[in-house]
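Read the structure below first, then the notes.
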Amino acid sequence: MGTWACKLLNGAYSINLYSSTLLLACISGDRYIAIVQARRSVKIRRRIQVYSRLICTVIWLLALVFSLPTLIFYKQVEDMDASECMPVYYGNNNAKVVKILIPSTQMLMGFLVPLMVMMFCYSCIMVTLLKAKNFRKHKAVRVVLTVVFVFIFCHLPYNVVLLVHTTKLFKNRTCKVEQDTLMMLSISRSVAYLHCCLNPILYAFIGVKFRGHFCQIMKDLRCLGQRYIYSGRSSQQTSDLYISAKIVVGSNNENPSSFTM
């Protein structure tokens, strides 16, 4: 589909990856304040809510800035056999810097920094929950462990393969090794992008309040559907009764046009 589609698709993937991981780090920080700093959380969260839109805007801008190299250097390259969407660099020094800069930034800001924030926040949250005398604490701990485990499971393989691929960029390697590395990179990247699809389940449907409201909406929709069906049947029965009554009345009339409707 050309260079514009190549830039747009890879740029969208990159922006989505950065924004999702950085926003998850902010969510873990918000939960840390709400649970660990419960006594002061009201004042702190009021201040944060004032700047919440600003924080989200800054994160999206950072994701866009970190994705600029992808938007700039990715192009559609025409070969004799096929066309491929890949980064194209100009100049030897520029190529070396950018080839290291793009994956390094992705590993650092797209994985390591959010992972460190999440590990710190959720570790403190787990300690606080285990100390609390609440019968639901074990369920809350399982939710925390699930969130961290899924994040590591989805993003760790991709970043490990990306690190291996980056270390081999300036070394001689066979075509077989390069093809295997690119295949593993493609598979692990797909798993990392899959995490964005799992986020609504992990951060919304697991929550008790959200699940309760969602179930209530489903019940209301079912009740409305039943009322609509019932009202439709009632109106149909009324119409049938009206038509049959009209026919009975018309049958006593000598004029056959009374049967016409």
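The values are calculated or read from the model by the stated rules, or taken from the named source; none is laboratory data. Just so you know, these numbers come straight off a predicted model, no measurement behind them. Note: ideal-geometry Cβ built from the backbone for every residue, glycine included; neighbour counts use all protein chains shown.
Any residue at all in the stretch 167-185 that is assigned to a helix (DSSP H, G or I) and in contact with a Pro (Cβ under 9 Å, 6 or more places away or on another chain)?
Yes; the residues of the stretch 167-185 include at least one that is assigned to a helix (DSSP H, G or I) and in contact with a Pro (Cβ under 9 Å, 6 or more places away or on another chain).
Might you let me know whether the stretch 50-63 holds any residue that is in contact with a Phe, Trp or Tyr (Cβ under 6 Å, 6 or more places away or on another chain) and either within 22 Å of Met119 (Cβ to Cβ) or of a type in the set (Gly, Ala, Ser) (or both)?
yes
If you scan the stretch 1-27, which residues turn out to be within 15 Å of Phe151 (Cα to Cα) and of a type in the set (Gly, Ala, Ser)?
Ser19, Ser20, Ala25
Collect the residues in the stretch 164-188 that are surrounded by 14 or more Cβ atoms within 10 Å (Cβ to Cβ) and closer than 21 Å to Val113 by Cβ, keeping them in residue-number order.
His165, Thr166, Ser188
So, in the stretch 4-43, of the ones that are over 19 Å from His195 (Cβ atoms) and exposed (fewer than 14 other Cβ atoms within 10 Å of the Cβ), which residue ends up nearest to the chain's Cα centre (by Cα)?
Ala5
Do you know which residues across the stretch 111-142 are among the hydrophobic types (A, V, I, L, M, F, W, C), surrounded by 14 or more Cβ atoms within 10 Å (Cβ to Cβ) and at pLDDT below 80?
Ala140, Val141
Being surrounded by 16 or more Cβ atoms within 10 Å (Cβ to Cβ) and over 30 Å from Lys209 (Cβ atoms) is the filter here, so list the residues in the stretch 143-163 that pass it.
Pro157, Tyr158, Asn159, Val161, Leu162, listed by residue number.
Could you list, in sequence order, the residues of the stretch 195-213 that are assigned to a helix (DSSP H, G or I) and surrounded by 13 or more Cβ atoms within 10 Å (Cβ to Cβ)?
Hits for the stretch 195-213 are His195, Cys196, Leu198, Asn199, Leu202, Tyr203, Phe210.
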